[in-house]
1. With each label point set 7 Å from Cα along the Cα-Cβ vector, what nm distance links Asn171 and Tyr236?
2. What's the FRET efficiency of Ile244 with Val12 using the Cβ-Cβ distance as r and R₀ = 22 Å, to the nearest 0.05?
3. Would you please state which residues of the stretch 185-216 a label at Ile108 would reach in this model, taking the label point 7 Å out along Cα→Cβ and a backbone N cut-off of under 18 Å?
4. If you count, for each residue, the other Cβ atoms within 10 Å and average over each peptide, how do 168-175, 118-125 line up from highest to lowest?
5. Non-local amide H neighbours of Asn186 (under 5 Å, H modeled in plane, Pro and chain starts lacking H): which ones?
6. Mind checking the full-extension length gain between Ile285 and Tyr138? Use 0.36 nm per residue of separation minus the Cα-Cα distance, one decimal, nm.
7. How many nm separate the modelled label positions at Tyr148 and Glu95, each set 7 Å beyond the Cα in the direction of the Cβ?
8. With no solvent and one equal point scatterer placed on each C-alpha of the stretch 107-168, evaluate the Debye formula and give log10 I(q)/I(0) for q = 0.15, 0.30 Å⁻¹, two decimals.
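Computed from the coordinates by the stated procedures, all read-outs in this text should not be read as laboratory data. In this text, all values refer to a predicted model and were calculated from it rather than measured experimentally. Methodologically, a virtual Cβ is constructed for each residue, glycine included, from the backbone with ideal geometry; neighbour enumeration extends over all protein chains shown.
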Amino acid sequence: MDFLTLFAIYVVVMLTCIILVCKYSGQQQSTLIYIYDTASKVISPLTPKWLKRCLQWASHRLFHQRNNLFIYLHILLEGAVYAEFSYDVFGYCLEMGTHRITLYVPYILLAIKTVLFYLCIKRDPGTVTKKKLAKLLYLYPYDKRLFYPGISCPTCHIIKPARSKHCGVCNRCVQRFDHHCIWVNNCIGAYNVRYFLLYLLSVCAMAADVAVLTANMLLDIVLQTGLLWAMYVDDYGQQQQAGIQFIIQHLFMTFPRIVFMLGFVVFVFLLLAGYTLFHLFLALINQTSNEWYRNRGYACQHCQAVSLADHFSCTSYHDSKRNYYSRGLLRNLGEVFYPRQPVGKKKS
């Protein structure tokens, strides 16, 4: 039971961290955020005022101002996982007869991911400036649903090109704005979304590969030691067949760092796999996260004024508006990996 209690605490802490990151990284529409908001309403009356002020200050500094804390945290967690993998798992897998090339794959993926991570951090996402504005205004047409011509940014004091948005954290307007990512301390926009997408894929591949190799090692230990057929004496003096719970508890007590590392990388993979699939879907339909969430909250004024019989034709019209910038799967992907470049005004 000590193992189950410790593992439950571990899961709760991980879930809390992930919910907080989702909450303050622009992902406002999710089940986790709903659970967080509901729990906050229940706990808020019981929370001391000084603690509320501290939490508000911390959330503002961490999630509403640019800082490198999450970059350092990313490197720290990654370093801890690879240190444990190299120290305990790598050598045992060699003794098992695992091919060296297979064991080198996580390190190759780490090198690829590091390059993509650096590009996400350093590459300009597509900052809209007065110098570029004249050409950016004709990069995309206005759909007159989410983006209207002649709208000025009250902070930058420039006309907002279609598909652009002002980032309050970076304090700039970004072309084809997707979201602000706290893990790279940068906006994701027209000119670095390709690196971000490949970065997500590489992290998923890393987590999956490390998890498979580690799980294979633990499975080999279970088979070699005969834990599947082991018996133990319970509190009542009766012999019991070792079940899954007993095996997991035994592995945790014998290899605590490895089991925690495996649980962490599996958790990261499951979390990022869904997030990656979502961004791949957006790339295929040529939408950004910003446009997706704004479309979900869009209320059609025409539908409110017409009869129910006219709703279907209105819905058809706005569905076409919803995918206004889509040009087919291949062209949509091409636009992500080879973004449009600013052009001058077309001559009539």
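1. Here the modelled spin labels are 6.9 nm apart.
2. Values: r = 22 Å, r/R0 = 0.98.
For R0 = 22 Å, the calculated efficiency reads 0.55.
3. Correct set: 199, 201-214.
4. On the way: 168-175: 19.5, 118-125: 17.4.
Going from most to least packed, we get 168-175, 118-125.
5. Cys181
6. Numbers: separation 147, 0.36 × 147 = 52.92 nm, distance 2.09 nm.
Additional length available on full extension: 50.8 nm.
7. Each label point lies 7 Å from its Cα, and together they span 7.0 nm.
8. With one equal scatterer per Cα and no solvent, log10 I(q)/I(0) is -0.58, -1.30.
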